[in-house]
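Okay, so here's the structure we're looking at.
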Amino acid sequence: MREIVLDTETTGTDPAAGDRIVEIGCVELVNQFPTGRTFHVYINPERPVSQGAFNVHGLSDAFLADKPVFAAVVDNFLNFIGDGRLVIHNAAFDIAFLNAEFARTGHPPIDLSRVVDTLTLARRKHPGAPNNLDALCTRYGIDNTRRTKHGALLDAELLSEVYIELLGGKQADLGLAPQAAPVETQIRVESTVTIVRERKTTSRLTDAEREAHLAFIATLGEKALWADYVRPDAEQGRT
């Protein structure tokens, strides 16, 4: 399933009063995982940005003056979103602005039936708790330190992470995602070296005992095994 996480920035809060879109950011998800494909554009709204809106997103009239108008980017935008489901935080706000722009360019409006409002999802899952984007990032441990100002693409990227968490987070794959291969642990076996020092030994046998032993071996015959171990006294290391 293909979904597009979408966010906009505007000149103000009321499209019916003539406020316009100044930025669009989109992130593509397939089966609720980011593909890496994004869409991002700044737009010349052909009207001044209100001070309140500038305080939110920091996009000035001077910055937007050389950017394309909405009519110049609308086809690329529509090609990107295609027929994917749209995932938007406080969707009524963004859809009202997008449909106002489409009315100006002669394009059909977006049907709310293809829209998932993450604000509604969050309110159902966390009733009574703050559910703005910053609060949800904090709740789910998502790093939003880059968000010193609102930005359509950055907010869409953060919202895509929030959306996945709202749907169950890392449990969404039911543990069927490929697991990382185990890391081989190399065990170093130190070899033990035994040092053998040769030393002379002194026999504790008396001469009489040795002679008696040799006489006994002689009685066993020439083929007796013990005869192989009988050596002259000098080879026995006698001192």
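The values are calculated or read from the model by the stated rules, or taken from the named source; none is laboratory data. What you are looking at is a predicted structure, and each value in this text was computed from that prediction instead of being measured. Note: ideal-geometry Cβ built from the backbone for every residue, glycine included; neighbour counts use all protein chains shown.
Only residues that are closer than 13 Å to Ala16 by Cα and of a type in the set (D, E, K, R) were counted in the stretch 95-129, giving 2. Kindly provide the set of residues from the stretch 61-106 that are within 15 Å of Glu9 (Cα to Cα), touching a helix residue (DSSP H, G or I) at 6+ places or on another chain (Cβ under 7 Å) and not acidic (Asp, Glu), ordered by number. Matches in the stretch 61-106: Phe70, Ile88, His89, Asn90, Ile95, Ala96, Phe97, Ala100.
Going by the conditions given, is Ala129 of a type in the set (A, V, I, L, M) and either closer than 26 Å to Gly36 by Cβ or at pLDDT below 95 (or both)? Spelling it out, it is not the case that Ala129 is of a type in the set (A, V, I, L, M) and either closer than 26 Å to Gly36 by Cβ or at pLDDT below 95 (or both).
Among the residues of the stretch 119-158, write down those that are of a type in the set (Gly, Ala, Ser), outside any loop (DSSP other than H, G, I, E, B) and without any contact (Cβ under 8 Å) to a residue 60 or more places away in the chain. Within the stretch 119-158, Ala122, Ala135 qualify. Residues that are assigned to a helix (DSSP H, G or I) and under 32 Å from the mean Cα position of the chain (by Cα) were ranked within the stretch 82-111; the one that is surrounded by the fewest Cβ atoms within 10 Å (Cβ to Cβ) is Ala92. Looking across the stretch 1-36 at every residue that is part of a helix (DSSP H, G or I) and in contact (Cβ under 8 Å) with a residue 24 or more places away in the chain, the one that is nearest to Asn90 (Cα to Cα) is identified as Pro15.
Restricting Val41, Val30, Val49, Val74 to those that are of a type outside the set (Ser, Thr, Tyr), surrounded by 18 or more Cβ atoms within 10 Å (Cβ to Cβ) and under 29 Å from the mean Cα position of the chain (by Cα) reduces the list to Val41.
Please specify each residue of the stretch 37-66 satisfying the condition of being over 20 Å from Ala100 (Cβ atoms) and outside any helix (DSSP H, G or I). Arg37, Thr38, His40, Gly58, Ser60, Ala65, Asp66 - these are the residues of the stretch 37-66 that are over 20 Å from Ala100 (Cβ atoms) and outside any helix (DSSP H, G or I).
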